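Structure first, then comments.
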Amino acid sequence: MKNIWHMVIALSAAALSVSLAACSVSRQAAVQSTAAAGDARVLLGIDNLEKDFSILNDKNVGLITNATGVDSSFTSTIDILYANTKLKALFAPEHGIRGAAGAGDSVGADTDQKTGLPVYSLYGDTRKPTKEMLSGIDVLVYDIQDVGSRYYTYISTMQYAMQAAAESDIPFIVLDRPNPLNGIDVQGEVLEDGFESFVGITHIPQRYGLTCGELAEFMNTEDKIGCDLTVIKMSNWKRSMYYEDTGLTCWVLPSPNMPTVDTAEVYPGNCIFEGTNLSEGRGTTKPFEIIGAPWIDSQALADRMNSLGLAGVHFRATSFTPSASKFRDESCNGVEVHVTDRSQFNSVLSGIALLYTIRDMYPNDFQYLDSGQFERLTGTDAIRKGTYTLDQLKTQFEESSSSFQKLSSKYYLYQD
């Protein structure tokens, strides 16, 4: 009996040893896998600059940034440059240097409380750095997270700053960041001559498929800016990546109404509703994902939209009460745009289809705003005039975006 008991203990110990060995192998594999994933994590332009500041040695630096300007460990680019370079001035785009100002709110000159540096506003009466602002500055650095859509004013700020740098013979450096919508998909129509504005600074489609560094290269040549441009590239970024594929966790709201990458996904199509009397969801937790007005029948609109069979998207009937902006504190009805397959989803086509459908269903209620904002956003007056059917627009979008992709591909800094 004693021998049998010893045999049981021995067998149990052997089994435990095998089990522990298996666990050790499994753990080691997991660690190796994690390490491999860590090696593949995207390094931002600011991450790579932190390895070597020599490009900024002995230069008085001006920095154009906002709350999104952080490295992959959430350290502010302001603080990084202040500690390692001769950072002399900050330049604030729309929403301010810390991202607190609302859409369209004027951003005033200020002083950064942490560093004591002067903050010059590039959103308000002055949108292009002046000679006075650049006095004593030897190099301008740009570090802002973009969302890959033509309407976003940060890329307009970048172009104006590049122009100012060229005029003052100051080098311009872009610390590159991912296009959160990937660098492959291009959607919509190239902005037409005569419709340039701060929400459409250059001739690109609504969703342009470039990083901000690549866009800077494009604008520097195609818009004949001719500044002394350097792009500090990312490492490990591939064109097929959406933001969550990068391994980065440092998504900071680029603006108050851009809380998630899901918002950015629908933004190229649904931003056009800013130029209409429809709520684009501002004042809700789903800006640009919810579209509606008090006079809409939610279910009827959802049914009509889903009957179109648009790829990669479902329209769900919903009601909401905005706490700000259009229809503040009024009950609205409309649809929430659910992206079911973003590899198939065309945000621009979806937005135009929704606009056409609401316009056709509610001709006595739907209105364009008189400010001309709609034309500035769409980059044409053909949509407001109803020049094309939805099918004609689809064909036109495909041709225009394809032509742009061929042109812009020569400015690619990354491949898959």
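Charging the Cβ of each Asp and Glu at -1 and of each Lys and Arg at +1, and nothing else, the dipole of the chain about its Cα centre rounds to 1100 debye. Gaussian network model of the chain, Cα springs within a sub-10 Å range: biggest mean-square fluctuation belongs to which of S156, S343, S403? Residue with maximal mean-square fluctuation among S156, S343, S403: S343. Phi-derived couplings, Karplus 6.51 cos²θ - 1.76 cosθ + 1.60 at θ = phi - 60°, listed residue by residue for the stretch 177-193: 9, x, 6, x, 9, 5, x, 10, 6, 10, 9, x, 10, 4, 4, 7, 4 Hz, with x used for Gly and Pro. In angstrom, the C-alpha Rg and Dmax of the stretch 45-254 are 15.9, 44. Ellipsoid semi-axes for the stretch 113-192, based on the Cα gyration tensor and the rule √(5λ), read 26, 15, 13 Å when sorted largest first.
Across A89, A164, A324, mean-square fluctuation computed from a Gaussian network of the chain (C-alpha pairs under 10 Å connected) peaks at A324.
Separation of the stretch 316-370 and the stretch 169-223, taken as the distance between their Cα centroids, equals 26 angstrom. Over 32 Å apart at the Cα level, from the set K51/K410; K114/K224; K131/K286; K114/K326, are K114/K224; K131/K286; K114/K326. Per residue Cα convex hull volume for the chain, in cubic angstrom? Enclosed volume per residue, from the Cα hull, is 206 Å³. For the pair S135 and R41, the difference between a 0.36 nm per residue extended length and the Cα-Cα distance amounts to 30.0 nm.
Sequence-distant contacts, meaning Cα pairs under 8 Å at least 6 residues apart, place the relative contact order of the stretch 45-254 at 23 percent. Here the gap between A324 and A382, fully extended at 0.36 nm per residue and compared with their Cα-Cα distance, gives a gain of 17.8 nm. Working from label points 7 Å from Cα in the Cα-to-Cβ sense, the T115 to D52 distance is 2.3 nm. Taking the helices alone, the chain has a mean residue ellipticity at 222 nm of -10500 deg cm²/dmol, built from -39,500 (n - 2.57) per DSSP H run of at least 4 residues and averaged over all its residues. Compactness ratio for the stretch 261-385: Cα radius of gyration over 2.2 N^0.38 Å (N = residue count) comes to 0.96. Look at the alpha carbon pairs under 8 Å that are at least 6 residues apart: their mean separation over the length of the chain gives a relative contact order of 15 percent. Residues Y160, Y362, Y142, arranged from fewest to most other Cβ atoms within 10 angstrom of their Cβ, appear as Y362, Y160, Y142. If only the Cβ of Lys and Arg carry +1 and only the Cβ of Asp and Glu carry -1, the dipole of the stretch 271-347 around its Cα centre is close to 100 debye.
Ranking Y243, I55, F172 by Cα position along the charge dipole of the stretch 45-254, where only Lys, Arg, Asp and Glu carry charges on their C-beta atoms, puts I55 farthest toward the positive end.
Multiplying the residue separation of E196 and K410 by 0.36 nm and removing their Cα-Cα distance gives an extension gain of 74.7 nm.
3J(HN,Hα) couplings calculated from phi for the stretch 139-148 with the Karplus curve 6.51 cos²θ - 1.76 cosθ + 1.60 (θ = phi - 60°) are, in sequence order, 7, 9, 10, 10, 9, 9, 6, 8, 10, x Hz; Gly and Pro show x. For the stretch 45-254, a simple Cβ point-charge model (Lys and Arg +1, Asp and Glu -1, everything else neutral) yields a dipole of about 320 debye relative to the Cα centre. Note on the chain: with a GNM built from Cα contacts shorter than 10 Å, the maximum mean-square fluctuation among T126, T211, T276 falls on T126. Which residue, L369, G283, G379, has the largest displacement toward the positive end of the dipole of the stretch 261-385 when charges sit on each Cβ (Lys, Arg +1; Asp, Glu -1)? The residue sitting most towards the positive pole is G379. Among Q113, T77, T202, which residue has its Cα positioned farthest towards the positive end of the charge dipole of the stretch 45-254, with +1 placed on the Cβ of Lys and Arg, -1 on the Cβ of Asp and Glu, and the dipole taken about the Cα centre? With unit charges placed on the Cβ atoms, the residue in question is Q113.
When you restrict to C-alpha pairs under 8 Å that are six or more residues apart and normalise by the size of the stretch 261-385, the relative contact order lands at 30 percent.
No value in this document is a laboratory result; all are computed from the given coordinates. Just so you know, these numbers come straight off a predicted model, no measurement behind them. Backbone-built Cβ (ideal geometry, glycine too); neighbour counts: all protein chains shown.
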